[in-house]
Amino acid sequence: MATFHILASTIVAACAIILLNSILRRLFNFDIVATVPGPPSPSWIYGNMIQLVLAENYGDHEFGWHKQYGPVYRVKGCFGEDRLVVSDPQALKYILNNPAIIHSPNNAKTFPVLFGEESVASVHENHRRLRAAMNAGFSGSGVRNFLPVFVDVAKKVRYLAETLEAGSLPEQMISEWENATINGRFNTHSLVLFALKRISLPNGSWPICRTLCFGLHFASQLALYLRSTSLNARRRNLWKTRLGILAQILARKVTCSVSSVRSVLHHPLCFSLSGTGGGSGFGKTGVTPSQLVHQLPVLLLAGQDTSAAAMSWAIYWLAQNPEFQDKLREEILNSQEGGLDYDNMPVNILPVERTREMFPPAPLLERSASEDCVIPFSEIVTSTGDRIHELPVKKGQFIFLALGAYQRSEALWGPDANEFKPSRWLAGDPCPGQTSALGPYAHLLAFLGGHRVCVGWRFALLEMQVILAELVGKFSFSLPKDSVVRAHLSATQFPVDGEGAKGLWLSVARLVN
């Protein structure tokens with residue numbers, strides 16, 4: 001009982017501090033952000049956060065606000081805090097390339113818990129060094145070395161689908177995509193998988209971690225004001241023991257040869273870090289086996305959930321367009337005689353592009369200004385009627401990067417931005433309203449851009465191409481009658497059914513050769 005009273009008193013005191021801080025900032029600091037137009041707030045406690053993040057179908061509110069208020073508008077965060085929502089290309093380019101605009105304090109506290117202090121997701125100097133070490137493995141030539149692995153995984157997924165009875169019957173597909181992505185390349189090494197599955201937090205905590213990534217956007221800012229000494233100590237002990245298992249395995253294998261590394265972990269990260277030499281320095285990169293292990297939770301979360309969701313959306317998109325399925329199937333059959341050349345299969349890449357455009361894995365990202373700065377915009381009309389092309393923001397200002405709204409903007413992608421029109425991609429530039437490239441690929445920001453661009457974007461694209469070619473060549477997909485599919489946002493954007501349950505139900509029919 002005494003413990004409960006102490007905890008309750010601590011929570012009340014912390015909430016009072018947050019409230020007082022919020023009131024004082026508004027009384028003594030005029031902020032021009034407050035003049036940026038935006039939707040009314042239904043709640044002083046939660047602001048617009050529930051509408052923004054927990055909509056029944058992701059984007060129901062956000063995409064409407066984008067049309068009403070433009071590519072830059074203001075929403076209310078918790079306790080009446082003003083936050084910017086940005087999908088303006090000029091502003092996005094500035095933010096993504098400006099080291100002064102960083103991950104929010106929420107994420108800065110969450111990422112070490114999820115991934116460890118020495119992961120590539122870190123916000124300090126380790127990030128640049130680790131990215132440089134990973135670039136070789138994720139280059140165009142590096143990714144192509146793993147084409148046989150992709151093909152093998154795709155065939156295993158096809159084999160699972162072939163266990164269906166003859167005919168067409170509904171199947172819940174999203175769990176199979178999870179097994180077809182990064183997790184599928186670990187499953188032949190039980191000892192490594194044993195260690196990997198226990199990386200980060202205690203058993204059963206991984207789903208909580210994934211929810212935590214976005215949950216902190218709207219729950220409260222309480223964690224920012226509390227000390228977390230016991231949590232940090234527990235986290236360090238967990239990482240030391242569990243990652244130590246895998247570090248020892250990799251260290252033994254690396255000292256033998258690069259080929260031994262391949263036998264333990266089928267991932268290009270190992271190849272890029274192994275360099276040409278062995279020993280504790282991991283070749284020329286100076287990255288140790290222990291540091292390599294710290295990258296695995298990032299790869300598992302970033303590579304498994306995002307790819308599984310993207311694969312589900314791609315098949316969903318194909319299931320709605322049987323004519324395009326036939327066109328893709330024809331291209332696959334015509335290309336099989338000399339072996340599939342994915343660089344010369346323009347139809348095969350379209351579902352991948354369309355999926356990344358309409359359903360980016362992380363359509364809404366949070367950033368924070370670490371110092372006062374001025375963000376350039378195309379144009380903003382303030383609530384006072386002034387037209388401005390830049391906006392001074394103060395240190396600590398929260399900014400949402402609305403990547404989903406950017407990729408559905410009719411001003412950039414044309415009036416058919418929300419329609420299925422593959423001819424828009426085949427005809428040439430799919431984004432006529434954007435003059436300079438933002439992301440690494442086709443003007444898309446599904447893989448972010450700037451110094452935080454996703455290092456594995458080539459890996460993800462080729463992986464999807466291979467699996468789609470294998471499946472569409474053997475099966476046809478359609479939606480069951482009265483099917484309801486909505487987009488739900490958690491750590492990533494994934495499909496749910498009409499009852500809100502995660503998954504995508506499809507009718508799958510095996511084709512007769």
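The values are calculated or read from the model by the stated rules, or taken from the named source; none is laboratory data. These figures come from a predicted structure and were not determined experimentally. Here the Cβ positions follow ideal geometry from the backbone for every residue, glycine too, while neighbour counts run over all protein chains shown.
At-a-glance table
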{"quantity": "Pairs, first over 21 Å from residue 420 (Cα atoms) in region 342-367, second of a type in the set (D, E, K, R) and part of a helix (DSSP H, G or I), C-beta under 9 Å, six or more apart", "calculated": "364/62"}
{"quantity": "Selection count, region 60-98, where residues are charged (D, E, K, R), in a helix (DSSP H, G or I) and surrounded by fewer than 20 Cβ atoms within 10 Å (Cβ to Cβ)", "calculated": "2"}
{"quantity": "Residues of region 399-417 that turn out to be crowded, with 17+ Cβ neighbours inside 10 Å and in a loop (DSSP other than H, G, I, E, B), as a count", "calculated": "4"}
{"quantity": "Flag for residue 512 being surrounded by fewer than 17 Cβ atoms within 10 Å (Cβ to Cβ), among the hydrophobic types (A, V, I, L, M, F, W, C) and not in a strand (DSSP E or B)", "calculated": "yes"}
{"quantity": "Test for residue 102: is it assigned to a strand (DSSP E or B) and surrounded by fewer than 22 Cβ atoms within 10 Å (Cβ to Cβ)", "calculated": "yes"}
{"quantity": "Within region 410-426, tally of residues that are of a type in the set (A, V, I, L, M, F, W, C) and closer than 16 Å to residue 87 by Cα", "calculated": "4"}
{"quantity": "Top-ranked residue of region 418-435 - restricted to ones that are surrounded by fewer than 20 Cβ atoms within 10 Å (Cβ to Cβ) and closer than 19 Å to residue 447 by Cβ, ranked as modelled with the highest pLDDT", "calculated": "425"}
{"quantity": "Residue, farthest from residue 100 (Cα to Cα), within region 343-352, restricted to residues that are of a type outside the set (Val, Ile, Thr) and buried (at least 20 other Cβ atoms within 10 Å of the Cβ)", "calculated": "348"}
{"quantity": "Residue satisfying all of: in region 473-493; within 25 Å of the chain's Cα centre (by Cα) and at pLDDT 85 or above; farthest from residue 53 (Cα to Cα) among these", "calculated": "484"}
{"quantity": "Any hit, region 494-512, residues being touching a helix residue (DSSP H, G or I) at 6+ places or on another chain (Cβ under 6 Å), modelled with pLDDT under 85 and within 30 Å of residue 99 (Cα to Cα)", "calculated": "no"}
{"quantity": "Cβ pairs under 6 Å, 6+ apart, first in region 382-405 and at pLDDT 90 or above, second in a strand (DSSP E or B) and hydroxyl-bearing (Ser, Thr, Tyr)", "calculated": "398/368"}
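Residues checked against (1) touching a Ser or Thr at 6+ places or on another chain (Cβ under 9 Å); (2) at pLDDT 70 or above:
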| residue | (1), (2) |
| --- | --- |
| 270 | no, no |
| 298 | yes, yes |
| 310 | yes, yes |
| 320 | yes, yes |
| 325 | yes, yes |
| 331 | no, yes |
| 344 | yes, yes |
| 347 | no, yes |
